[in-house]
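Novice: The structure under discussion is supplied below as structure tokens; questions concerning it will follow.
What follows draws every value from the coordinates through simple rules; no lab data is involved. Computed from a prediction, not measured in an experiment: that's the story for all the values here. So basically every Cβ, Gly included, is an ideal-geometry build from the backbone, and we count neighbours across all protein chains shown.
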2 protein chains.
Amino acid sequence: MAATTRSTIVAVARRANVSPSTVSRVMNGHTTVDPAIAERVRAAAQELNYSPSPLARSLVLGRTQTVAILVPDLANPTFQGMLRGLSRAAARSNYRVLVADSLETVSEESLLAGELRRSSDAIVLCAPRMPADRLLEVMPSLAPAVVINRDDPRLAAPTLSADYEAGIRPLAEHLYDLGHRRLAYLEGNPHSSSNTSRLRGLDAFCADHPDVSLDRLPGGVAFEHGYAAADAVLASSATGVLAFNDLVAMGLLAAMHERGVAVPQDLSITGFDDITFARYTTPALTTASVPDVELGEQAWVRLHALLVGDAPADDVRVLPRLEVRGSTGPAPTRASGAAASSD
Amino acid sequence: MAATTRSTIVAVARRANVSPSTVSRVMNGHTTVDPAIAERVRAAAQELNYSPSPLARSLVLGRTQTVAILVPDLANPTFQGMLRGLSRAAARSNYRVLVADSLETVSEESLLAGELRRSSDAIVLCAPRMPADRLLEVMPSLAPAVVINRDDPRLAAPTLSADYEAGIRPLAEHLYDLGHRRLAYLEGNPHSSSNTSRLRGLDAFCADHPDVSLDRLPGGVAFEHGYAAADAVLASSATGVLAFNDLVAMGLLAAMHERGVAVPQDLSITGFDDITFARYTTPALTTASVPDVELGEQAWVRLHALLVGDAPADDVRVLPRLEVRGSTGPAPTRASGAAASSD
DNA sequence: CGTGCCTAAGAAATCGTTTTCTCGGCGGTA
DNA sequence: TACCGCCGAGAAAACGATTTCTTAGGCACG
């Protein structure tokens, strides 16, 4: 019968008439023990429905068989993808994943990271809004750790990132090739590293195309932010809009639909990330594809190397791939332009 | 200076010239200790950058400050929502979340659940495909635990569920009211409880409407399954399709679009769950809304009650809410029917 | 002035393992 | 036959905290 109280190693030892050491040895198959005794121990363990306490093991072994991941927002499909990639890859090595999202609390992010790290063996840090100096400050206490989407060269930890700076350019060029000259960028969080990266890319683009005007508009990171930005977009008289990410683009898309603004005839919209659902919007979203699941998997590969002391694998820097779909089209002629044309 | 090696409680004790007991007392504020000494201890702790090992605490306190959640598929937005709800609610009580998805390995699901449970204080079990008897068998060893979407009355654990049986009926009635008489149901996993629940609901519906014919077609749980079912749907000559969930519906939608079948003019399609993206498809998806995030939050409420020994809150059984959007419309007249009309 | 209680801090037990360390016995060789 | 070395199993230390148990000292009261 299964013991009502959790059975311990000494219970098994008593039942098999051996010492706890021997039970441990049998369970872990470390040293060679007399086959007869081993069998007796296994039987006793079975009867008592014994399995070693992970806690006690962790304490003495110094490893928890757990990795943590901190993401800014569990509602964002991109971070969900990273979590999924990490979780599945780690599971293959019999590691579990401790998850937390920091929501909007940038201030306590580093404390949270520390706590997570202390109850796991390693951590994946995805904190686009944490100030660079603070990040550098806490990193040593977080090791082993990998960082996602922070490209500060001073970071000692392995880094996985998408090259947002280079990745946004093809989107802009795409719009340019379609004849768009008045563009708007719906910003993400102003202080996030991924936002500033995109801005750098766009600045470079503008420098190469003096005939383009680019408006920076307040945006955000989710549907509602894109939705709320609709009026500002129309007021800007831009014909092409680069949204911070797919969610923002979808929100904008919905708002434009409600206002009767035709996409892409009156207005072209691009997203970023290529979340699964980007191809199912109306029209399907032109975007730049970031392999989130793969980033999560690769994060595990880096972490695993750190954990077993292997030579650290190279940093990963993926180039987002332009994905042209229906939400972008030729720039409207001046006459048939969007409602905002002032004359 | 921060110690290079993790500082322990005895290090702090030595530095403050007190016993480890006193340090512990100060850190936890349990007994009253001399203010001067307390200050000395705090200073020492600060200087050594000390924070107690969660592992050691867990071992002696018998709680890990962690809850686990097992979901069948981390890629499914519904389970992501539950995870999010759980994680955020638990975080408010300073609990962390250990996450795992069982993917397609039903066989090892109960082992995985046990492992997860043993390294946490409680578990949320979301295992729609685990056989009922096996579920009943493992539940005792998993307590404290809550179960999501299993309505077996023999279950001792608190249960959170959506009433799929009752919830699918309004969808069917909706199609019926639109004139559809030939319906098809794209099944989920045949052995999943949520699939059989829907089937029960549909059977009842059919019993009340003898003039309706319902085809059961093999489907699945993800985009690709819905996509792949397109030909079978057309061959069935159904005018209204109830997909197992929104993902399947979206896959079907895409396939129909490619085939030039107009939705809802030629074919009406409904989903289930009302994932965030359901309103952004073309046309937007008629579906039944399940509050996944709230289910996750309520799971935490139940778990928390169990953990602190409160009276268990009532089981939750939510009724999915019909959400009519653009993917359903009047049944086509016989002449203008879908491509499958054989003449 | 002595006894008793209360407080505050240290000593030691505990949580459940793993892993040295130690010791007894056995076999092989000189 | 005696000794050395090895092997298998138990004893004990360690992991890093918390918490009971103990004890010393101070204060109040008789």
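Novice: Please report the relative contact order for region A:164-290, taking Cα pairs under 8 Å with a sequence separation of at least 6, and give it as a percent rounded to a whole number.
Specialist: 25 percent
Novice: Roughly what % of DSSP beta bridges within chain B run antiparallel, to the nearest 5?
Specialist: That works out to approximately 10 percent antiparallel.
Novice: Amide H neighbours of residue B:180 under 5 Å, counting only residues 5+ apart in sequence or on other chains, H built in-plane at 1.01 Å?
Specialist: B:331
Novice: Output the antiparallel fraction of DSSP beta bridges having both residues in the protein assembly as shown, as a percent to the nearest 5.
Specialist: So the antiparallel bridges in the protein assembly as shown amount to around 10 percent.
Novice: To continue, here is another question. What angle, in degrees between 0 and 90 and rounded to the nearest 10, separates the Cα long axis of helix B:77-92 from the longest principal axis of the Cα atoms of chain B?
Specialist: 30 degrees
Novice: Is the shape of region A:195-343 rounded, prolate or oblate, going by the alpha carbon gyration tensor and its root eigenvalues a ≥ b ≥ c, with a/c under 1.5 for rounded and a/b larger than b/c for prolate?
Specialist: Because a/c hits 1.5 or more and a/b exceeds b/c, region A:195-343 counts as prolate.
Novice: Relative to the longest principal axis of the C-alpha atoms of chain A, give the angle of the C-alpha long axis of helix A:292-308, reported between 0 and 90° and rounded to the nearest 10°.
Specialist: Tilt relative to chain A: about 40 degrees.
Novice: Now for a separate question. Roughly how far apart, in whole Å, are the Cα centres of region B:45-111 and region A:139-185?
Specialist: If you average the Cα positions of each part, the centres end up 30 Å apart.
Novice: Which value, in debye to the nearest 20, describes the size of the charge dipole of region B:15-57 about its Cα centre when Lys and Arg Cβ atoms bear +1, Asp and Glu Cβ atoms bear -1, and nothing else is charged?
Specialist: For region B:15-57, the charge dipole is close to 100 debye.
Novice: What residues have an amide H closer than 5 Å to that of residue A:241, excluding those fewer than 5 places away on the same chain, when H is modeled at 1.01 Å from N in the peptide plane?
Specialist: So residue A:241 has HN proximity to A:184, A:268, A:269, A:270.
Novice: Could you check how many percent of all C-alpha pairs in the protein assembly as shown are farther apart than 43 Å?
Specialist: Of the Cα pairs, 34 percent sit more than 43 Å apart.
Novice: Per residue of A:226-236, count partner chain C-beta atoms within 10 Å of its C-beta, then hand back the mean as an integer.
Specialist: 0
Novice: In addition: Find, to one decimal place in angstroms, the Kirkwood hydrodynamic radius of chain A, where the mean of 1/r is taken over every pair of different Cα atoms and then inverted.
Specialist: After inverting the pairwise mean of 1/r, the radius is 22.8 Å.
Novice: Here is a follow-up. Tell me, what HN-Hα J-couplings in whole Hz come from the Karplus equation 6.51 cos²θ - 1.76 cosθ + 1.60 at θ = phi - 60° for each residue of region B:133-148, using x for Gly and Pro?
Specialist: Once rounded to whole Hz, the list reads 5, 5, 4, 4, 5, 8, 3, x, 6, 9, 4, x, 8, 10, 10, 10.
Novice: Still on this structure, I have one more. Given the rotation that superposes chain B on chain A, what residue of B brings its beta carbon nearest the axis, and what is the distance in Å?
Specialist: Nearest to the symmetry axis by Cβ: B:282, 2.
Novice: With contacts defined as alpha carbon pairs under 8 Å and 6 or more residues apart, what's the relative contact order of chain B in percent?
Specialist: Relative contact order comes out at 16 percent.
Novice: Dipole of region A:195-343 (Lys/Arg Cβ +1, Asp/Glu Cβ -1, origin at the Cα centre): which of A:318, A:267, A:249 lies farthest to the positive side?
Specialist: A:267
Novice: Continuing with the same structure: Loop only per DSSP, at most 15 neighbouring Cβ atoms within 10 Å: give me the trypsin sites (Lys or Arg not before Pro) in region B:30-100, ordered by residue number.
Specialist: Filter output for region B:30-100: B:63.
Novice: How would you rank A:304, B:191, B:225, B:30, going from fewest to most other Cβ atoms within 10 Å of each one's own Cβ?
Specialist: Arranged by neighbour count, lowest to highest, A:304, B:191, B:225, B:30 become B:30, B:191, A:304, B:225.
Novice: Next question. Where the only charges are on Cβ atoms (+1 Lys, Arg; -1 Asp, Glu), what is the dipole of chain A about its Cα centre, to the nearest 20 debye?
Specialist: 1640 debye
Novice: OK, next. Okay, helix-only estimate at 222 nm for chain A: each DSSP H run of n ≥ 4 adds -39500 (n - 2.57), divide by all residues, round to 500 deg cm²/dmol; what do you get?
Specialist: -13500 deg cm²/dmol
Novice: Once amide H atoms are built 1.01 Å from N in the peptide plane, which residues 5 or more positions from residue B:286, or in another chain, come under 5 Å H to H?
Specialist: B:271, B:325, B:326, B:327, B:328
Novice: About its Cα centre, what dipole magnitude does region A:226-320 give when the only charges are +1 on Lys and Arg Cβ and -1 on Asp and Glu Cβ, stated in debye to the nearest 20?
Specialist: That gives region A:226-320 a dipole magnitude of about 240 debye.
Novice: List the distances, in nm and shortest first, from the label point of residue B:218 to the matching label points in every other copy, placing each point 7 Å from Cα along the Cα-to-Cβ direction.
Specialist: Spelled out, the distances from residue B:218's label point are 5.4 nm.
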